[in-house]
1. Out of the range 18-84, which trypsin sites (Lys or Arg not before Pro) are coil in DSSP terms and have no more than 14 other C-beta atoms within 10 Å?
2. By how many nm would the segment from Tyr57 to Arg80 grow when fully extended, if each residue of separation counts as 0.36 nm and the alpha-carbon distance is taken off?
3. Here are a few candidate values for Rg and Dmax of the Cα atoms in Å: (1) 14.4, 45; (2) 13.1, 45; (3) 18.3, 55. Which one was actually calculated from the structure I just gave you?
4. In whole Hz, what ³J(HN,Hα) sequence does the range 47-58 give by Karplus (6.51, -1.76, 1.60; θ = phi - 60°), x for Gly and Pro?
5. Taking amide H atoms as placed 1.01 Å from N in the peptide plane, list the residues 5 or more away in sequence, or in a different chain, whose amide H sits under 5 Å from that of Glu21.
6. In deg cm²/dmol, rounded to 500, what helix-only [θ] at 222 nm does the chain give when every DSSP H run of at least 4 residues adds -39500 (n - 2.57) and the total is split over its residues?
7. Would you work out the charge dipole size for the range 2-106 about its Cα centre, treating the Cβ of every Lys and Arg as +1 and the Cβ of every Asp and Glu as -1, and quote it to the nearest 20 debye?
8. Set Lys and Arg Cβ to +1 and Asp and Glu Cβ to -1, take the dipole of the chain about its Cα centre, and tell me which of Leu60, Leu95, Ala81 lies farthest positive.
Amino acid sequence: MATADTYPHIVLANDGKAVIEGTRYAVEHIAAEQYFYGWSAEEILRQHPDLRPAEVYAALAFFHDHHDSIIAAIEAGKVRAEQARGHEPVSRDELLRRRAAVHGRNG
């Protein structure tokens, strides 16, 4: 991974996505929480106690410096998720039927 030049704690993964170094968090994840939920850095820290303030602030700085491209990626991911979900939600009864079928075969 390469370090993003002016963003301490942010590195670029092999796929080119910015991530918080040494964590499982992509900058896009932190950005989505601020974009969709309006969370401040302090709220993000409350929600993710495994992150340090410097990491969150670096992720948010990267996000705001690359705002348009990150928002485009977030919106594209949202569209993919909605398409994958389909038009009809799965009912509780269907989920229970599927669970019973799996457990019936495995147990």
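1. Details: sites: Arg24, Arg46, Lys78, Arg80; in loops: Arg24.
Counting only loop positions with at most 14 other Cβ atoms within 10 Å, the trypsin sites (Lys or Arg not before Pro) in the range 18-84 are Arg24.
2. Values: separation 23, 0.36 × 23 = 8.28 nm, distance 2.82 nm.
Value of the extension gain: 5.5 nm.
3. Correct label, based on the coordinates given: (3).
4. Karplus values, whole Hz, x for Gly and Pro: 6, 10, x, 7, 9, 9, x, 4, 5, 5, 5, 5.
5. Sorted by chain and number, the residues that satisfy this are Ile10, Val11.
6. On the way: 5 runs with 65 residues, N = 107.
The helix contribution divided over the chain gives -19500 deg cm²/dmol.
7. On the way: 12 positive and 16 negative charges, 162 e Å.
With only Lys, Arg, Asp and Glu charged at Cβ, the dipole is about 780 debye.
8. Among Leu60, Leu95, Ala81, the one farthest towards the positive end of the dipole of the chain is Leu95.
Only the coordinates and a few stated rules stand behind these numbers; no lab work does. If you're wondering where the values come from, they're calculated on a predicted model, not measured in any experiment. All Cβ positions, glycine included, derive from the backbone under ideal geometry; neighbour counts span all protein chains shown.
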